[in-house]
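Below is one structure, written out as structure tokens; the observations come after it.
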There are 2 protein chains.
Amino acid sequence: MTKAERFIPFAVIENFMVDVMVKAGIPKDDAKIIQDVLVKADKLGFDSHGVNRLKPIYLDRINDGILNPETKFEVVKETPTTAVVDGHNGMGHVIAYKSMQMAIDKAKKYGMGMVAVRNSTHYGFAGYYPLMAVEHNQIGITGTNARPSIAPTFGVENMLGTNPMTFGMPSDEDFPFLLDCATSITQRGKVEVYARQGKEMPKGWVIDENGESKTNSQEVLEDLIAGRAAFTPLGGVGEDGGGYKGYGYATVVEILSAALQQGAYMKMLMGIKDGKKVPYPLGHFFIAIDINAFTEPDDFKKITGDILRQLRASKKMPGQNRIYTAGEKEHDTWMNRKDKGVPFNDALFDEFAGMCKTYGLDSYLPHFQK
Amino acid sequence: MTKAERFIPFAVIENFMVDVMVKAGIPKDDAKIIQDVLVKADKLGFDSHGVNRLKPIYLDRINDGILNPETKFEVVKETPTTAVVDGHNGMGHVIAYKSMQMAIDKAKKYGMGMVAVRNSTHYGFAGYYPLMAVEHNQIGITGTNARPSIAPTFGVENMLGTNPMTFGMPSDEDFPFLLDCATSITQRGKVEVYARQGKEMPKGWVIDENGESKTNSQEVLEDLIAGRAAFTPLGGVGEDGGGYKGYGYATVVEILSAALQQGAYMKMLMGIKDGKKVPYPLGHFFIAIDINAFTEPDDFKKITGDILRQLRASKKMPGQNRIYTAGEKEHDTWMNRKDKGVPFNDALFDEFAGMCKTYGLDSYLPHFQK
């Protein structure tokens with residue numbers, strides 16, 4: 001973060017985002033959903049998937065004609081516990097939000113629900129959707145495929161998306177268990193952070209066409225797009241570190257994001273065809289499990305909380321004074337930001353000021369002066 | 001494997017195992033299930049979880065009074081899609097088989113099924129149960145907790161089981177997608193192999209109380225039991241390799257194996273109390289998802305097969321001529337063994353000959369002569 005970093009109050013950002021999205025042709029109710037997903041990422045510290053994505057990943061793609069601002073949410077097939085949804089390349093957040101809500105409603109009635117989605121688009125940070133289930137005393141399990149970037153074990157070609165598999169579970173603590181992570185060791189957002197800081201990346205995160213580690217973060221950003229580099233799966237190169245496991249999890253997510261919904265996968269998700277930008281017709285899946293169908297939610301939360309507390313209280317490695325559980329750092333970030341807002345750096349101020357002008361929202365300009 | 005290795009025909013092993021288990025007090029129908037799980041592990045190459053476990057992990061524990069040969073399978077709570085089962089420390093394979101079958105039956109009727117189990121015991125290789133779902137054109141997702149052995153990120157204490165999270169999915173190939181792996185880099189069975197071969201293990205698999213790598217495989221086997229060493233999560237020590245992700249997945253499995261079923265977890269699963277052997281009251285979960293509820297099974301299988309074929313056909317790392325997908329090595333092993341049987345080494349011959357004598361099954365002795 002730069003010296004010029006300031007925090008912009010959530011209310012300002014939220015109102016601006018809805019207004020600018022409406023100007024871009026997104027219906028207001030949909031804009032509210034998208035705004036909530038993007039701002040929530042910043043609230044929890046998933047900064048690479050927050051409001052900084054509004055322009056490049058969403059508004060620019062609408063302008064490029066590869067993302068439909070009006071979302072046609074079509075339920076292709078439905079049973080009491082399941083559904084298949086076609087998102088027709090509408091706004092991914094809206095498609096995902098409605099799909100997760102369907103899974104939650106089904107789980108409330110029938111104990112479990114699962115919705116498989118095709119022809120969706122980038123839906124923001126994956127952790128948003130299991131958290132929706134948690135608010136209903138449910139377990140949320142979700143995933144999505146993505147533009148191919150992970151090489152399989154013994155391979156060097158970008159084949160699988162960074163394919164997060166997410167889990168959310170309520171606990172008796174102030175915050176739920178939330179695991180939202182790519183099935184590769186790292187992902188593009190983290191490389192971007194290294195590039196901005198002009199830092200070399202650790203060995204083993206990215207390999208070139210010869211299977212050698214690439215650590216120059218700026219080069220990696222270009223090479224990933226060009227297909228000259230690929231992420232390694234969780235567990236790393238080869239089999240010694242268990243890389244076939246991360247590769248296996250990434251494959252699970254690719255299958256669950258494509259086969260149930262008869263959607264697109266792997267190289268179909270390059271976003272480029274014959275040199276022209278084309279949609280990324282992503283697939284997702286959303287599973288909701290109602291805790292009431294098994295036990296009292298309070299009893300579930302107690303054991304979950306006990307497991308997490310015992311993990312944190314266990315013996316530390318020399319030099320470490322804290323063991324975290326999944327979701328804890330996100331809660332810490334929220335505690336730190338809740339009275340401040342979204343952190344803005346110079347580039348973000350410029351980008352938001354630019355949007356004020358492009359979309360005729362000059363009244364917001366004073367908020368986005370560096 | 002030793003020079004003396006020979007293959008014992010499956011029919012001989014299967015009959016013997018059922019007979020010896022009946023002698024040990026296990027009802028015949030239950031013995032058939034257990035036999036099938038253990039032999040299937042050898043058929044697919046999960047040798048650390050095969051017939052070699054019959055005596056030490058099952059018959060000896062029955063003799064020690066910490067495992068009930070007669071399984072009381074109690075359904076504590078049930079809804080159309082879900083159930084909670086108490087296994088009363090009966091035979092884990094029987095409990096798991098019946099629970100997965102319940103989940104499958106529920107999924108056939110309602111699209112999805114999930115059964116959460118408490119007070120079970122070691123159920124063999126985890127991959128058996130998702131494969132049951134696959135045979136019904138369903139997706140199987142299962143997991144179990146285990147004796148604590150993984151240290152959390154920034155910790156050194158054995159807290160979480162090696163907690164496999166398994167996935168089985170049908171494809172249009174001769175074999176299904178099957179991912180059955182511990183959420184640690186490695187597990188005890190693999191350390192045993194290194195110890196038998198007198199080999200040092202790679203760095204990073206196991207850490208001591210100071211967080212330093214331990215590579216002496218024989219020492220590690222003792223230190224793991226004594227709590228002086230712990231496995232590292234998939235992703236390794238610290239955060240650079242994504243170790244918090246493997247730690248997160250292990251935690252997910254621990255929660256899903258304990259909180260829904262109000263069962264035991266982590267240090268409750270040490271198997272030792274006040275210096276005496278006590279039961280390991282494990283928890284499992286079994287999820288079945290009916291593909292018919294989403295799409296035609298043949299269409300699902302086609303896309304799954306295409307994903308796997310494209311992964312295998314992708315560009316290899318220099319020096320590698322083959323990329324595998326999950327379940328492929330297991331199928332190769334089966335092709336190699338299907339006309340031969342279970343590989344036996346000297347130690348296994350001795351162990352099986354010993355069981356012939358102990359349980360009065362001398363007619364089998366000629367099969368188990370070295």
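Values computed for the structure shown
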| item | result |
| --- | --- |
| Estimated dipole of the protein assembly as shown in Debye, rounded to 20 [Cβ of Lys and Arg +1, of Asp and Glu -1, Cα centre] | 280 |
| Members of segment B:79-95 that become less accessible by 30 Å² or more once partner protein chains are added (1.4 angstrom probe, chain alone as reference) | B:81, B:82 |
| Relative counts (whole %) of C-alpha pair distances in segment A:317-370, using bins that are 5 Å wide | 4, 16, 16, 13, 12, 11, 10, 8, 5, 3, 2, 0 |
| Segment A:1-102 - percent relative contact order, Cα under 8 Å, separation 6 or more | 20 |
| Lysines whose Cα lies under 26 Å from that of residue A:214, excluding same-chain neighbours fewer than 8 positions away | A:190, A:199, A:203, A:245, A:267, B:203, B:245, B:315, B:316 |
| Sparse-neighbourhood loop sites, trypsin sites (Lys or Arg not before Pro) in segment A:21-90 - DSSP loop, at most 15 other Cβ within 10 angstrom | A:72 |
| Dmax and Rg, reported as Rg then Dmax, of chain A (C-alpha, Å) | 20.5, 58 |
| Average other protein chain Cβ within 10 Å of Cβ, residues A:159-167 | 3 |
| Carbon/sulfur fraction of accessible area - segment A:108-221, other protein chains in place, 1.4 Å, % | 42 |
| Accessible area (Å², per residue) of the protein assembly as shown, counting only protein heavy atoms and a probe of 1.4 Å | 37 |
| Kirkwood Rh, Cα atoms: Rg over Rh of segment B:20-100 | 1.01 |
| With every protein chain in place, segment A:291-368: carbon and sulfur % of accessible area (1.4 Å) | 47 |
| Minimum Cβ-to-axis distance in chain A for the rotation onto chain B, with residue, whole Å | A:112, 2 |
| Relative contact order (percent, whole number), chain B, Cα cutoff 8 Å, 6+ residue spacing | 21 |
| Sites residue B:174 and residue B:6 - FRET efficiency at Förster radius 22 Å, r taken between beta-carbons, to 0.05 | 0.20 |
| Electrostatic dipole magnitude of chain B [Cβ: Lys, Arg +1; Asp, Glu -1; Cα centre; debye, to 20] | 220 |
| Point-charge dipole on Cβ atoms (K/R +1, D/E -1) for segment B:250-370, about Cα centre, debye to 20 | 440 |
| Segment A:75-222 - convex hull of alpha carbons, volume per residue in Å³ | 142 |
| Sparse-neighbour loop sites [trypsin sites (Lys or Arg not before Pro); segment B:207-246; at most 15 other C-beta within 10 Å; DSSP] | B:228 |
| Cleavage-rule hits (GluC sites (Glu not before Pro)) in segment B:163-258: DSSP loop, at most 15 neighbouring Cβ within 10 angstrom | B:212, B:239 |
| At q = 0.14, 0.27, 0.28 Å⁻¹, base-10 log of I(q)/I(0) for segment B:103-180 (Debye sum, equal scatterers on each alpha carbon) | -0.55, -1.24, -1.28 |
| Label spacing, shortest first and in nm, from residue B:321 to its equivalents in the remaining copies (7 angstrom along Cα→Cβ) | 5.7 |
| Distribution of pairwise C-alpha distances over segment A:51-136, 10 Å bins, in % | 18, 45, 28, 8, 0 |
| Mean shadow area of segment B:233-310, taken as a quarter of the surface of its Cα convex hull (nm²) | 9.2 |
| Label-reachable residues, segment B:21-45, where backbone N falls under 15 Å from a point 7 Å from residue B:312's Cα toward its Cβ | none |
| Solvent-accessible area buried by pairing B with A, both sides, nearest 100 square angstrom, 1.4 angstrom probe | 7600 |
| Relative frequency of Cα-Cα separations exceeding 26 Å in segment B:137-268, percent | 26 |
| Calculated label separations, residue A:7, copies of the chain, 7 Å along the beta-carbon direction, nm | 6.8 |
| Convex hull volume of the protein assembly as shown per residue (C-alpha atoms, cubic angstrom) | 148 |
| Selection from A:343, A:116, A:57, by position along the positive dipole direction of chain A (Cβ) | A:343 |
| Label-to-label distance, nm, for residues given as residue B:222 and residue A:226 (7 Å Cα→Cβ offset) | 5.6 |
| Shortest-first distances to equivalent copies, position residue B:57, nm, label 7 Å out along Cβ | 4.2 |
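The values are calculated or read from the model by the stated rules, or taken from the named source; none is laboratory data. All values reported here derive from a predicted model rather than from experimental measurement. Positions of Cβ are backbone-derived with ideal geometry, glycine not excepted, and every protein chain shown enters the neighbour counts. All accessible areas refer to the heavy atoms of the entire protein, side chains included, with ligands and DNA or RNA removed. Shrake-Rupley method; radii C 1.70, N 1.55, O 1.52, S 1.80 Å.
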